[in-house]
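J.: If you scroll down you'll find the structure; I have some questions about it.
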């Protein structure tokens, strides 16, 4: 993660504030302030020597200035990019949040994943915004011509690829590498900024065709021709020579056979 990125947080729920603070710290972000009311945030911001790169705001908070009004002032007076995290997801709220450019995540979607939130923070801080970027938005759920689009984090930047284009995701020391087909049909490999376990938590829960087959590998079953056995080991074979055969871990073999035919 980009550890130079500074964020400010508005959240009046003690548990939610603690959870969000822990999540942001795990991503390497610097929290300049954690506030429970819009008035306190705006008053203290005047005392800061430097402005935050991104503001993460709840909407329904105590005090006379709610999250949307706080966001409007942050945008109009300081040009600070905004991310909303809120339980509110009604038509009136959706209409109001369009008063200011912002990325909106509903807390009803369980918990915003680290990949989605960190990607949003990084893109806003770096000024790398999708268009349009106001209103109801979630990077991982964007639609493209080839289906769902996955945001992959690399260095200080992000790039997007079709989930269907992924062939294989493999562990490489402290990071995961994604092997995929680019728009021209060539095989590309890109590093992410997280470990394979985190990729599994974020992507495999969203795309049922991405499955873990060993401690080191996640595969796209749509890119697999079948399972073959060599000696005591079973391997996944890929279509069109996308990749050499990949061995299947013993603990994964039974579940994998239920989804992939043996050849």
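J.: Any chance the stretch 108-119 includes a residue that's at pLDDT 70 or above and part of a strand (DSSP E or B)?
T.: Checked the stretch 108-119: no residue is at pLDDT 70 or above and part of a strand (DSSP E or B).
J.: Could you count how many residues in the stretch 12-34 are outside any helix (DSSP H, G or I), touching a strand residue (DSSP E or B) at 6+ places or on another chain (Cβ under 8 Å) and within 17 Å of residue 81 (Cβ to Cβ)?
T.: 5
J.: When residue 45 is evaluated against the numbered criteria (1) over 25 Å from the mean Cα position of the chain (by Cα); (2) surrounded by fewer than 16 Cβ atoms within 10 Å (Cβ to Cβ), which criterion, by number, is the only one it fails?
T.: (2)
J.: Please tell me if residue 260 is in contact (Cβ under 8 Å) with a residue 24 or more places away in the chain and under 28 Å from the mean Cα position of the chain (by Cα).
T.: no
J.: Another question, if that's okay. Within the stretch 183-191, is even one residue touching a residue at least 24 places away in the same chain (Cβ under 8 Å) and either surrounded by 20 or more Cβ atoms within 10 Å (Cβ to Cβ) or in the same structural domain as residue 122 (by TED's automatic domain parsing) (or both)?
T.: No: the stretch 183-191 contains no residue that is touching a residue at least 24 places away in the same chain (Cβ under 8 Å) and either surrounded by 20 or more Cβ atoms within 10 Å (Cβ to Cβ) or in the same structural domain as residue 122 (by TED's automatic domain parsing) (or both).
J.: Are any residues in the stretch 210-220 part of a loop (DSSP other than H, G, I, E, B) and surrounded by 15 or more Cβ atoms within 10 Å (Cβ to Cβ), and if so, which ones?
T.: If the condition is that a residue be part of a loop (DSSP other than H, G, I, E, B) and surrounded by 15 or more Cβ atoms within 10 Å (Cβ to Cβ), then 213, 214, 216 are the ones that fit.
J.: If only one of 71, 55 is touching a residue at least 12 places away in the same chain (Cβ under 8 Å), in a helix (DSSP H, G or I), buried (at least 16 other Cβ atoms within 10 Å of the Cβ) and touching a strand residue (DSSP E or B) at 6+ places or on another chain (Cβ under 9 Å), which one is it?
T.: 71
J.: Right, another one. Tell me, please, whether a residue that is part of a loop (DSSP other than H, G, I, E, B), within 28 Å of residue 122 (Cβ to Cβ) and free of Cβ contacts under 8 Å to residues at least 12 places away in the same chain can be found in the stretch 195-209.
T.: Yes: the stretch 195-209 contains one or more residues that are part of a loop (DSSP other than H, G, I, E, B), within 28 Å of residue 122 (Cβ to Cβ) and free of Cβ contacts under 8 Å to residues at least 12 places away in the same chain.
J.: In the stretch 1-25, how many are within 17 Å of residue 125 (Cβ to Cβ) and loosely packed, with under 13 Cβ neighbours inside 10 Å?
T.: The total comes to 3.
The values are calculated or read from the model by the stated rules, or taken from the named source; none is laboratory data. Being a predicted model, the structure only gives us computed values, none of them experimental. Heads up, the Cβs are rebuilt from the backbone with ideal geometry, glycines too, and the neighbour counts pull from every protein chain shown.
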